[in-house]
Amino acid sequence: MSMPTIKHVRAFTLRGGGADYHDQGDGHWIDDHISTPMAKYPEYRQSRRSFGINVLGTLVVEVEASDGTVGFAVTTGGELGAFIVEKHLARFIEGAKVTDIEKIWDQMFNATLYYGRKGIVLNTISGVDLALWDLLGKVRQEPVHQLLGGPVRDELQFYATGARPDLAKEMGFIGGKLALQHGPAEGEEGLRKNIETLATMRERVGDDFWLMFDCWMSLDLNYATRLANAASEFGLKWIEEALPPDDYWGYAALRQQVPSGMLVTTGEHEATRWGFRMLLEMGCCDIIQPDVGWCGGITELIKISALADAHNALVVPHGSSVYSYHFVITRTNSPFSEFLMMAPKADQVVPMFNPQLLDEPIPINGRMKASVLDKPGFGVRLNPECQLHRPYDH
C-alpha cells in the first residue's frame, strides 16, 4: 500500500490535571509541602503551585494524514509549546510521509538548536514525536509496542509514587515512592521528620516492600548524603533526583557516598541522548528515569535506552502512562514501571492522565497484561468533554 502523507498538524492547550499532572486543586498530596528548589524561600514552601508549577498546562498535538487518520499525544507545554508547533515545527511535519519520523525528529531538533536543546522545546518535540508514533500505529493498525519490536514479557509490574506506600502495598504494587517533604532549609528538624516518615512507612509495609525517596532536585550533596545514610537503617531502596539536573559532578560524588546497596536514580528532567550520556559516562546513577514526554519522545528514548544498555544501567521511565508502557514492555533493561497515584489522597488507582484521556489502562493488583496494550497506536482517545483551545494556527 502507498504510505499516506501528513496533511495537517494542530496544537491545542488544556487545563486541569492530565498531562500537566501538577495542575490540581486544593487538598492533593502532590502539592502538600514537598521539598523543591524553591523551598529555601518560606513563602513558596508549602505549595508547589505557589511558585507556578502548574502554569504551563497540557499541550495536545494532533497530526492528520492524507487518508484522514489522526494521531495525537499529550504532554506539558501549554501555550508556549503550541506556538512552537504551529509557528516553527509545522514546516517539517506537513507534507512528510507518515513513516518519516526519524527525519522529522532530526529536523525539529536541529532547527531549534539555537533556542532549544532541553526544557520546553524538548517537551514540545516530544509531544509531536509521540503523536507521529500514534499516527503510524493507527495507519498500520498496530500498537506502538509492535512497531518497536514487540513485548519481551507478558506483563508490566509497577511501583507507586504517592503519599501512601502502605496503601500501595495493599493494592499490589511492588514498591512505594514518597515525595520528600522537608529540604535543607528546614534544618535538623526537617531531616528528622523525613526519617520519621520513612520509619513509619517501613513499620507499616514490612521489610520486603520497596521504599524510595523522590527529592525533586531540591537537595545539596551534603544533605543528600546525610539523608541517604540516615535512611539506610530503614531499607531505602533508592534516592531519586536529589540534586539539580545539571550537577553531574554532585551525582557522581553522591553515588560514591550512599550506603552500600542503595541506588541513586535521576533523569526525569534530563533530555536527549547527550544529556543522558553525561549521566552514564560520569557514573552518576544506577537507574535513569527519562520522561518520554520530555526527553525527546519515543524516537529519542530508543537511543537513550540503547546507550544505557551499553552502560549496564536500567531505564525506568518517569510516569507517563501509555506513552512509556508501550516502550517498557519492549525493553529487557526496563524491568518495571512507575505509576503516579493521581487520586488526591493516593488511596485508589485512577488513570494518570484523567480526565484528558479515555481508554487509559491502569494496573490491576500492581500488574498490567501486555495484551491490554494491543490497540492501534497508543490505544487512547481524547476526551471530547475536555475543552481544547487552539491559541495559534498557521
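Conditions first: (1) part of a loop (DSSP other than H, G, I, E, B); (2) outside the structural domain of GLY116 (by TED's automatic domain parsing). GLY68 passes all but one, so which condition is the exception?
All conditions pass for GLY68, except number (2).
What pairs come out if I take residues in the range 274-287 that are assigned by TED's automatic domain parsing to the domain that holds GLY250 and in a loop (DSSP other than H, G, I, E, B) and pair them with residues that are among the basic types (Lys, Arg) and at pLDDT 95 or above whose C-beta lies under 7 Å away, six or more apart or interchain?
Correct list of pairs: GLY283/ARG255; CYS284/ARG255; CYS285/ARG255.
Which one of the conditions (1) assigned to a helix (DSSP H, G or I); (2) at positive phi; (3) of a type outside the set (Val, Ile, Thr) does GLY17 fail to meet, given that it meets all the rest?
It fails just one condition, (1).
Could you check the range 218-232 and list, in sequence order, the residues that are surrounded by fewer than 19 Cβ atoms within 10 Å (Cβ to Cβ) and either aliphatic (A, V, I, L, M) or not in a loop (DSSP other than H, G, I, E, B) (or both)?
LEU221, ASN222, ARG226, ASN229, ALA230, SER232, listed by residue number.
Are any residues in the range 311-362 under 12 Å from the mean Cα position of the chain (by Cα), under 16 Å from GLY176 (Cα atoms) and polar (S, T, N, Q), and if so, which ones?
Matches in the range 311-362: SER337 only.
Checking the condition in contact with a strand residue (DSSP E or B) (Cβ under 8 Å, 6 or more places away or on another chain), surrounded by fewer than 24 Cβ atoms within 10 Å (Cβ to Cβ) and assigned by TED's automatic domain parsing to the domain that holds THR299, which residue from PHE209, PHE213, PHE173, PHE158 passes?
Result: PHE209 is the single residue among PHE209, PHE213, PHE173, PHE158 that is in contact with a strand residue (DSSP E or B) (Cβ under 8 Å, 6 or more places away or on another chain), surrounded by fewer than 24 Cβ atoms within 10 Å (Cβ to Cβ) and assigned by TED's automatic domain parsing to the domain that holds THR299.
Name the residues in the range 280-299 that are surrounded by fewer than 24 Cβ atoms within 10 Å (Cβ to Cβ) and touching a Phe, Trp or Tyr at 6+ places or on another chain (Cβ under 8 Å), would you?
Selection gives MET282, ASP286, ILE287, THR299.
Out of all the residues in the range 342-351, is one or more outside any loop (DSSP other than H, G, I, E, B), surrounded by fewer than 19 Cβ atoms within 10 Å (Cβ to Cβ) and at pLDDT 95 or above?
no
Going through the range 97-111 one residue at a time, which ones are surrounded by fewer than 17 Cβ atoms within 10 Å (Cβ to Cβ) and part of a loop (DSSP other than H, G, I, E, B)?
Across the range 97-111, the qualifying residue is only THR99.
Out of the range 98-121, which residues are more than 27 Å from PRO4 (Cβ to Cβ) and touching a Gly at 6+ places or on another chain (Cβ under 9 Å)?
Within the range 98-121, ARG117, LYS118, ILE120, VAL121 qualify.
Give me a count of the residues in the range 128-170 that are within 30 Å of GLU203 (Cα to Cα) and either modelled with pLDDT under 95 or not charged (D, E, K, R) (or both).
Qualifying residue count, the range 128-170: 11.
With the checklist (1) in contact (Cβ under 8 Å) with a residue 12 or more places away in the chain; (2) hydroxyl-bearing (Ser, Thr, Tyr); (3) assigned to a helix (DSSP H, G or I) in hand, flag the one item THR332 doesn't pass.
(3) is the only condition that THR332 fails.
ARG10 fails exactly one of the following numbered conditions: (1) touching a Lys or Arg at 6+ places or on another chain (Cβ under 7 Å); (2) surrounded by fewer than 16 Cβ atoms within 10 Å (Cβ to Cβ). What is the number of that condition?
(2)
Consider GLY379 against the criteria (1) at pLDDT below 95; (2) touching a strand residue (DSSP E or B) at 6+ places or on another chain (Cβ under 9 Å): it satisfies all of them except one. Which criterion is unmet?
For GLY379, the exception is condition (1).
The values are calculated or read from the model by the stated rules, or taken from the named source; none is laboratory data. From a predicted model like this one, the values you see are computed outputs, not experimental measurements. Neighbour counts run over all protein chains shown; Cβ positions are idealised from the backbone, glycine included.
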